[in-house]
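Asks: Sharing a structure below in structure tokens format, with a few things to ask.
The values are calculated or read from the model by the stated rules, or taken from the named source; none is laboratory data. These numbers come from a predicted model, not from an experiment. Cβ placement follows ideal geometry from the backbone for every residue including glycine, while neighbour counts extend to all protein chains displayed. For the accessible areas, the whole protein counts, side chains as well, though only heavy atoms, and no ligand, DNA or RNA atoms are used. Shrake-Rupley method; radii C 1.70, N 1.55, O 1.52, S 1.80 Å.
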Amino acid sequence: MNAAIDIPTQGAQRWFRLAPLRDFGIVFTLITLFIALALSSPAFFTQRNLLNIADQSAPLGILACGATLVFIAGGFDLSAGATFGLAGVIAATVALEVDIVSGLLAGVLCGAVVGLVNGMLTTVGRINALIATLASSVIITGIALVISDGTLIRVDDERFTTLGQGQIFGVSYAVVAFALVVILLSLALHRMTWGRYLYAVGGNEEAARLSGLRVNALRTTTYVVGGALAGLAGVIAASRVGTGQANAGGNDLVLDAIAAVVIGGTSILGGAGAIWRTVVGVFVLALIQNGFNLLGVDIVFQRFMFGLILLLAVGIDARARRDSR
């Protein structure tokens, strides 16, 4: 009888050790990194450098916020980087052929369309999300290369670069857009019925279906929003340099976005997570990159550190889930 009592007790003890680490370890990591960099480099703790970190993180942060919704609903999206590049190409092309505003809107809209297609493939088509979005990323990049003919599409009109280079009270429009995305998605997740349903769908799909929730439609909406945000991030990036480029996203961007989401504490298995966690994850990656640059550390070690932290985050999440059962 004692053994029967001891087993759940030991599991509970492990849970109590790991749960705080999973829930708040990322915040502790961010604070530690911030203090360490402020003490080790005089150039770090300056207004200019901190605003630069926020500005450089904005496109990745917007993209990662969209990925967070997909993860919470139990989905997965490897095509966000390709969508990022296509949106920039579409924005630049339409800006040249029609007008600037239509170009910027077309870039965001094309991201939403890509998200809708991904959602249909993974829900109605019942194709594994990893395979479906990997395949769609290849197709999307191919479309972007055909539209751009494999070259850079340059837009010299200053109005096109306003979104990426403009500022208000010293803060870039990109950072303002990032902040608005964070606020709106946080309210949607925690104040709207739609948000609560996403957690239910990601936590237990079958139970959600038996409860009458339209699982496929709910999950598809996360792909649409995620695609639109990947498009917005791509448009901002294209506006920043005044150029649309098919390969602007690349594999590193989507992997960084996934890393930021997972490091922040959103579960890769769905049903748990929050937008603020992804924001913290984005800035942890940004501080590591900024710190390495200020300290003159080889960029190879940055990728090594990113991978190590990602592996640690996934390991802690998996262990905490096992212990909680």
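Asks: Among the numbered conditions (1) open to solvent by 10 Å² or more (accessible area, probe 1.4 Å); (2) touching a Ser or Thr at 6+ places or on another chain (Cβ under 8 Å); (3) under 18 Å from Ile258 (Cα atoms), tell me where Leu30 comes up short.
Replies: Of (1) open to solvent by 10 Å² or more (accessible area, probe 1.4 Å); (2) touching a Ser or Thr at 6+ places or on another chain (Cβ under 8 Å); (3) under 18 Å from Ile258 (Cα atoms), only one is false for Leu30: (2).
Asks: Is it the case that Gly107 is closer than 14 Å to Ala82 by Cβ and buried (at least 20 other Cβ atoms within 10 Å of the Cβ)?
Replies: Values: closer than 14 Å to Ala82 by Cβ: yes; buried (at least 20 other Cβ atoms within 10 Å of the Cβ): yes.
Judged against the criteria, Gly107 is a match.
Asks: Which pairs have Cβ atoms under 6 Å, sit 6 or more apart or on different chains, and link a residue in the stretch 304-316 that is in contact (Cβ under 8 Å) with a residue 12 or more places away in the chain and farther than 20 Å from Phe292 by Cα to one that is surrounded by 12 or more Cβ atoms within 10 Å (Cβ to Cβ) and not aliphatic (A, V, I, L, M)?
Replies: Ile316/Arg22
Asks: Would you confirm whether any residue within the stretch 56-70 is in a helix (DSSP H, G or I), farther than 22 Å from Asp256 by Cα and open to solvent by less than 30 Å² (accessible area, probe 1.4 Å)?
Replies: no
Asks: Could I ask something else about it? Taking only the stretch 95-104 into account, find how many residues are touching a residue at least 12 places away in the same chain (Cβ under 8 Å) and either within 18 Å of the chain's Cα centre (by Cα) or open to solvent by 20 Å² or more (accessible area, probe 1.4 Å) (or both).
Replies: 2
Asks: Okay, next question. All but one of (1) within 11 Å of the chain's Cα centre (by Cα); (2) of a type outside the set (Val, Ile, Thr); (3) under 28 Å from Gly125 (Cβ atoms); (4) open to solvent by less than 10 Å² (accessible area, probe 1.4 Å) hold for Gly264; which doesn't?
Replies: (3)
Asks: Please verify whether Leu184 is buried (at least 18 other Cβ atoms within 10 Å of the Cβ) and not polar (S, T, N, Q), treating the condition exactly as stated.
Replies: So Leu184 fails the test.
Asks: Still on this structure: Please determine, by comparing only the residues of the stretch 150-166 that are touching a residue at least 40 places away in the same chain (Cβ under 8 Å) and assigned to a helix (DSSP H, G or I), which one is farthest from Phe76 (Cα to Cα).
Replies: Arg159
Asks: In addition: Residues of the stretch 210-253 being buried (at least 24 other Cβ atoms within 10 Å of the Cβ), within 14 Å of Ala64 (Cα to Cα) and either more than 20 Å from the chain's Cα centre (by Cα) or not aliphatic (A, V, I, L, M) (or both), which ones?
Replies: Of everything in the stretch 210-253, those that are buried (at least 24 other Cβ atoms within 10 Å of the Cβ), within 14 Å of Ala64 (Cα to Cα) and either more than 20 Å from the chain's Cα centre (by Cα) or not aliphatic (A, V, I, L, M) (or both) turn out to be Thr222, Tyr223, Gly226, Gly227, Gly231, Gly234, Gly249.
Asks: Also, quick follow-up: Please determine whether any residue of the stretch 143-164 is among the small types (Gly, Ala, Ser), buried (at least 20 other Cβ atoms within 10 Å of the Cβ) and more than 18 Å from Val241 (Cβ to Cβ).
Replies: no
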